[in-house]
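J.: Got a structure for you, questions after.
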Amino acid sequence: MENKLKLEVITPYGELINEEVDEVYATGAEGDFGVFPGHCAFMTALRIGSLSYKKDGQIQYVFINRGYCEVLNDRVLVLVGSAERVEEIDVERAKAALARAEERLRRAQAGETDIDHARAQAALERATIRIQLATKLIPR
Amino acid sequence: MPTLRDIRKKIKAIQGTKKITSAMKMVAAAKLRKVQDSMLRYRPYATKMQQVLADLAGAVETRGDVPPILLRRPVKTVEVLVITSDKGLCGAFNTNILRAAHKEINRLKGEGLNIVLSVVGRKARDYFKRRDFQFKNVWTGISGKLQYTHAQMIAQEMINAYVSEAVDEVVVIFNEFKSVIAQRVVINRLLPIGRIEAVPTEQPTFIPFTYEPRAPELLAMLLPIYIEIQIYRALLESQAAEEAARMTAMDNATKNCDELIRKTTLLANKVRQASITKELMDIVGGVEALKQSE
């Protein structure tokens with residue numbers, strides 16, 4: 001296929017990806033979706049999860065935080081609070097975060113009220129996906 | 001009259017201080033460059049996101065299905081978020097912001113509104129603690145290691161308070177970085193959002209997007225990001241302004257050291273000359289006395 005997608009991933013810390021790719025997959029608010037060249041104009045919110053794209057037959061994985069995705073004229077624009085390429089994921093840090101989040105959730109369940117349950121839950125989710133991605137537990 | 005030794009010691013001390021202040025100036029300059037760099041890298045994200053939200057809000061508004069955080073309601077309680085630094089030695093940076101914040105709080109109280117106070121930075125915490133204010137949230141230790149997650153955290157608190165109707169309006173007060181020598185105190189309303197300012201765009205105004213979920217729900221999901229963007233910008237601006245203020249303050253301090261060294265050196269020379277003159281007079285006096293006794 002000669003048609004290509006232009007994938008742009010932009011975070012508050014700058015542009016992470018700006019590449020010509022063949023396919024893009026991500027987790028939207030209502031489930032996973034894939035984008036091929038010629039996709040219709042599409043807007044969605046992104047969940048904490050993974051974004052992957054295929055370029056020259058190779059699939060690359062990226063961790064993404066909550067954000068927004070728009071597809072328009074073969075251009076995929078992803079705006080997220082933070083994103084990391086799989087190679088950049090700090091597994092040790094993610095494991096520490098996972099332990100912390102689990103601890104907080106346990107304490108919340110034990111009845112401590114000063115714990116932000118939603119935040120701990122989100123932290124847990126982020127850490128889990130980071131670890132899964134880094135240790136290649138998520139196959140496509 | 002101080003002795004020559006005391007004065008020399010004092011000069012040495014001032015020279016020591018000067019070294020410190022000029023080093024601090026250079027550190028502040030380096031940090032300022034770092035923050036400015038972050039601001040630059042942040043801009044594409046902020047502008048694009050704002051653009052998206054403005055378009056989306058426009059699309060939703062025409063259908064009259066507006067999420068609550070866009071709407072105003074009668075205001076009884078206002079949350080004030082004051083952003084200061086953790087550390088001092090940055091001139092009038094904190095004084096300006098705290099004075100403006102206090103004035104604004106008094107003004108709002110004068111209008112019969114309840115105030116909920118949240119602060120970023122040790123300086124604001126200390127200032128308002130001394131004046132017996134109650135805090136809703138205190139965030140310290142952010143400056144120097146500011147992350148976007150800080151903004152997300154603060155935004156979440158604000159939105160929760162607004163949605164649960166604990167507060168009816170949220171304003172943020174922070175120092176804006178105008179230039180290295182000028183900071184400006186800014187008071188912005190964060191919530192309710194009101195109208196999202198549109199950025200000039202190259203996109204045609206109407207595109208038949210497929211929204212997932214439907215546009216109003218999508219907007220409701222994305223609007224918190226708008227608050228995050230505003231808060232992150234305020235935090236970045238404040239940091240840049242802080243380092244700029246510190247740079248100027250340390251530059252002035254260094255200049256003052258120079259001035260003090262000059263004055264004290266002058267004094268030292270005077271004292272030295274005075275003592276030489278005195279010794280000379282002693283010698284002349286002695287010679288005269290010897291002459292007379294001969």
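Derivation of every value follows stated rules applied to the coordinates shown; laboratory data play no part. The shown structure was predicted, so the numbers you read here are calculated from the model rather than taken from an experiment. Cβ atoms come from the backbone with ideal geometry, glycine included; neighbour counts cover every protein chain shown.
J.: With n ≥ 4 as the cut-off for DSSP H runs, can you work out [θ] at 222 nm for chain B, using -39500 (n - 2.57) per run divided by the number of residues, rounded to the nearest 500?
T.: Numbers: 5 runs with 180 residues, N = 294.
Helix contribution divided over all residues of chain B: -22500 deg cm²/dmol.
J.: Moving on to the next point. Say the cut-off is 24 Å between C-alpha atoms; which of B:LYS9/B:LYS270; A:LYS4/B:LYS48; A:LYS55/B:LYS34; B:LYS48/B:LYS123 go over it? Walk me through the intermediate numbers first.
T.: Values: B:LYS9/B:LYS270 16 Å; A:LYS4/B:LYS48 22 Å; A:LYS55/B:LYS34 34 Å; B:LYS48/B:LYS123 34 Å.
Violating the 24 Å Cα-Cα cut-off are A:LYS55/B:LYS34; B:LYS48/B:LYS123.
J.: What is the Å³ per residue value for the convex hull set by the Cα atoms of the protein assembly as shown?
T.: Working: hull volume 100.5 nm³, N = 434.
Hull volume over Cα atoms, normalised by residue count, gives 232 Å³.
J.: Give me Rg over Rh for chain B, both radii from the alpha carbons and Rh done the Kirkwood way, two decimal places. The partial results should precede the final answer.
T.: Values: Rg = 29.5 Å, Rh = 23.1 Å.
In chain B, Rg relative to Rh is 1.28.
J.: For the range A:12-19, just list the computed ³J(HN,Hα) in residue order, Karplus coefficients 6.51, -1.76 and 1.60, θ = phi - 60°, integers in Hz, with x standing in for Gly and Pro.
T.: In residue order, the calculated couplings are x, 8, x, 8, 8, 10, 8, 9 Hz.
J.: Shifting gears a bit: Of all the Cα-Cα pairs you can form in the range A:89-134, what percent are over 12 Å apart?
T.: On the way: 568 of 1035 pairs.
Percent of Cα pairs beyond 12 Å in the range A:89-134: 55.
J.: Sticking with this structure for a sec: Give me, ordered by chain and number, the residues 5 or more places off B:VAL170 or on other chains with an amide H under 5 Å from its own placed amide H.
T.: Excluding prolines and chain starts, which carry no amide H, the hits are B:GLU79, B:LEU190, B:LEU191.
J.: May I pose another question? Mind checking which aspartates and glutamates have their C-alpha under 18 Å from B:LYS31, skipping anything on the same chain fewer than 8 residues away?
T.: The reachable aspartates and glutamates, counting only those whose Cα sits under 18 Å from B:LYS31, are B:ASP86, B:GLU176, B:GLU237, B:GLU242, B:GLU243, B:ASP251.
J.: Where does the charge balance sit around A:PHE36 when Lys and Arg score +1, Asp and Glu -1, over other residues with C-beta under 9 Å from its C-beta? Walk me through the numbers on the way to the answer.
T.: Numbers: positive: none; negative: A:ASP22, A:GLU23.
Computed value for this residue: -2.
J.: Peptide B:45-55: average number of partner chain Cβ atoms within 10 Å per residue?
T.: Numbers: counts 10, 3, 1, 6, 6, 0, 1, 5, 1, 0, 2.
Mean shielding count: 3.
J.: Residue by residue through the range B:225-231, which ³J(HN,Hα) values in whole Hz follow from phi under the Karplus form 6.51 cos²θ - 1.76 cosθ + 1.60 (θ = phi - 60°), with glycine and proline marked x?
T.: Using θ = phi - 60°, the values come out as 4, 4, 5, 4, 4, 5, 5 Hz.
J.: Another question, if that's okay. Counting helices only, and only those DSSP H runs with n ≥ 4, report the 222 nm mean residue ellipticity of chain A as the sum of -39,500 (n - 2.57) divided by its residues, in deg cm²/dmol to the nearest 500. Present the calculation step by step, with values, prior to reporting the outcome.
T.: Working: 2 runs with 37 residues, N = 140.
After summing the helix terms and dividing by the residues of chain A, the value is -9000 deg cm²/dmol.
J.: Across chain A, how large is the tail of the calculated P(r) beyond 21 Å, expressed as a percent of all Cα pairs? Working shown, then result.
T.: Numbers: 4405 of 9730 pairs.
For chain A, the share of Cα pairs beyond 21 Å comes to 45 percent.
J.: Let me ask something else. What is the extension gain from B:THR95 to B:LYS12, computed as 0.36 nm multiplied by their sequence separation minus the C-alpha to C-alpha distance, in nm to one decimal? Walk me through the intermediate numbers first.
T.: Numbers: separation 83, 0.36 × 83 = 29.88 nm, distance 3.16 nm.
Value of the extension gain: 26.7 nm.
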